Amino acid sequence: METVSVKDVGRHEGEEIQLKGWIHTKREKGKIAFVVMRDGSGFIQIVLEQEKLEPEQWNQLHEASLESSIIVRGLAKSEPRAPGGYEIHASFLEVFHTTKDWPLGRKEHGIEFLEDNRHLWIRSKRESAILRIRNTIENAMIQFLSDNGFYRFDTPIITTAAAEGTTTLFEVDYHGDKAYLSQSGQLYAEAGAMALGKVYTFGPTFRAEKSKTRRHLLEFWMIEPEAAWFQYEDNLQLQEQFVTYIVKRVLSENEADLSILERPLEPLQKVEPPFPRITYTDAVDLLKKNGFDVQWGDDLGSPEETFLANYFDKPVFLTHFPAKIKAFYMQPDPENPDVVLAADLLAPEGYGEIIGGSERIHDYDLLLQKMKEFNLNEEQYQWYLDLRRYGSVPHSGFGIGLERTVAWICKLDHIRETIPFPRMLHKLTP
Ligand code: ATP
């Protein structure tokens, strides 16, 4: 008999079907038992009556505690009161493996315990909902870029270049030479854009962050579109369409998961272009008026970002940063070279930065001058300078952090729940 996924049971109403999964909850009432079963795609109630099962099957059910693995056959019926709207009236049960003491059975566990048992915690209703939403977001990102003519372009993980500053590098011994785990695929993506026009990278990135925050991981996934002939404004419009598309896909594909998370939908439904914009200079003034101790030229930290992200009810672009606090490759604003044509996108509801992007310097002499100002080793960047030696063109791109996007869309307090196995300060297992 073919096995049906829980999420597809609705298509088999009135049929005898087979499901394979795990016992999520179990309630026994004399000669009848109610099991909520999960199979990864969803949850469904199974009604088991003693008289319809073999005595051996009924005994097995009695012995099985939460997270025992089971095979069930029975009739799929519509039941508006059951979660998901359907239930199965069982005619056969096999307990494939009996779990004796499920360690996560209690209602409340401390976060440390849950983190240590992440390999089991991901089976919970909440965690699996988050991971299904993450999957939708990843698919949506790839689909959007592919539909818009971007080619996937995989960049190296072991590199010699520090794309995002030298303070967060993970060093690797490369047969005696010093190498680093990639902080960003951007510099290579720029080479890709000159070869293929529009590209994106999608890979793990590594930053040896030294402080514990709710929005930093040491290993995270970033998608980085980069396009030739794209300027600052094109870049911002692409981001608006991209983020709007992702949110719409989650709203349409993960209704049940968002409801498990009790995620209010209204703020997500508001996500439509155009997104508001505020310059760094205006943001500093606004922050000062609201009691923040910031000066022009300061890098805005989490509290400042949180304030700005709460101030607007849509994602907001924070633009035109001082050149000194941003990366060396960012194009200065022709009207004021003290600031760069860069924008971060801050997610609303206090989430803060999910995207960092900019137009890149395409002029050879200017790039070289900036590399000197930033004390970079020119030797290592010769290949990158070549992109400005041979047919240089204006180009722009951005990097969106997958986990920050998941945290915002799911409205999570902490980034640790957005990835199957988070790598955080002093946390390397499981
Ligand atoms: P922040 O200032 O918040 O540390 P950043 O300015 O270093 O971030 P970028 O270098 O612009 O970030 O990286 C692009 C995107 O990658 C960010 O907008 C964010 O979504 C994500 N990102 C950066 N660092 C991390 C991290 N340590 N953990 C998770 N996501 C991150």
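The values are calculated or read from the model by the stated rules, or taken from the named source; none is laboratory data. What you see is a predicted model; the values in this text were computed from it and never measured. Note: ideal-geometry Cβ built from the backbone for every residue, glycine included; neighbour counts use all protein chains shown. The protein model used for the area step is the full one, side chains on, heavy atoms only, and it has no ligands, DNA or RNA in it. Shrake-Rupley method; radii C 1.70, N 1.55, O 1.52, S 1.80 Å.
Numerical summary
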read-out: Test set (1) in a helix (DSSP H, G or I); (2) among the polar types (S, T, N, Q); (3) open to solvent by 50 Å² or more (accessible area, probe 1.4 Å) - N375 fails condition number; value: (1)
read-out: Pairs, first under 16 Å from G397 (Cα atoms) in region 318-332, second modelled with pLDDT under 95 and open to solvent by 20 Å² or more (accessible area, probe 1.4 Å), C-beta under 6 Å, six or more apart; value: F328/F374
read-out: Any strands (runs of 3 or more DSSP E) falling wholly within region 275-354 and containing at least 1 residues that are of a type outside the set (K, R) and open to solvent by less than 10 Å² (accessible area, probe 1.4 Å); value: 316-319, 336-340, 342-347
read-out: Yes/no for N139 being polar (S, T, N, Q), more than 16 Å from the ligand (Cβ to nearest atom), touching a residue at least 60 places away in the same chain (Cβ under 8 Å) and part of a helix (DSSP H, G or I); value: yes
read-out: Helices (runs of 4 or more DSSP H) within region 150-261 that include 2 or more residues away from the ligand (no atom under 16 Å from the Cβ), more than 19 Å from G399 (Cα to Cα) and of a type in the set (D, E); value: 255-260
read-out: Flag for D386 being more than 10 Å from the ligand (Cβ to nearest atom), farther than 30 Å from T306 by Cβ and either open to solvent by 10 Å² or more (accessible area, probe 1.4 Å) or assigned to a loop (DSSP other than H, G, I, E, B) (or both); value: yes
read-out: Where A283 falls short, out of the listed (1) touching a helix residue (DSSP H, G or I) at 6+ places or on another chain (Cβ under 7 Å); (2) among the small types (G, A, S); (3) touching a residue at least 60 places away in the same chain (Cβ under 8 Å); value: (3)
read-out: Filter result for R123 (outside any loop (DSSP other than H, G, I, E, B), of a type in the set (K, R) and surrounded by 14 or more Cβ atoms within 10 Å (Cβ to Cβ)); value: no
read-out: Residue in region 355-367 that is surrounded by fewer than 20 Cβ atoms within 10 Å (Cβ to Cβ) and on the phi > 0 side of the Ramachandran plot present; value: no
read-out: Within region 389-416, tally of residues that are away from the ligand (no atom under 13 Å from the Cβ) and part of a helix (DSSP H, G or I); value: 2
read-out: So P430, is it open to solvent by 20 Å² or more (accessible area, probe 1.4 Å), in contact with a Lys or Arg (Cβ under 6 Å, 6 or more places away or on another chain), at pLDDT 95 or above and away from the ligand (no atom under 16 Å from the Cβ); value: yes
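For every residue, the table says whether it meets (1) open to solvent by 50 Å² or more (accessible area, probe 1.4 Å); (2) touching a residue at least 60 places away in the same chain (Cβ under 8 Å); (3) touching a helix residue (DSSP H, G or I) at 6+ places or on another chain (Cβ under 9 Å).
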position	(1), (2), (3)
F34	no, no, no
V47	no, no, no
W58	no, no, yes
E63	yes, no, no
V72	no, no, no
G84	yes, yes, yes
A90	no, no, yes
G110	no, no, no
E115	no, yes, yes
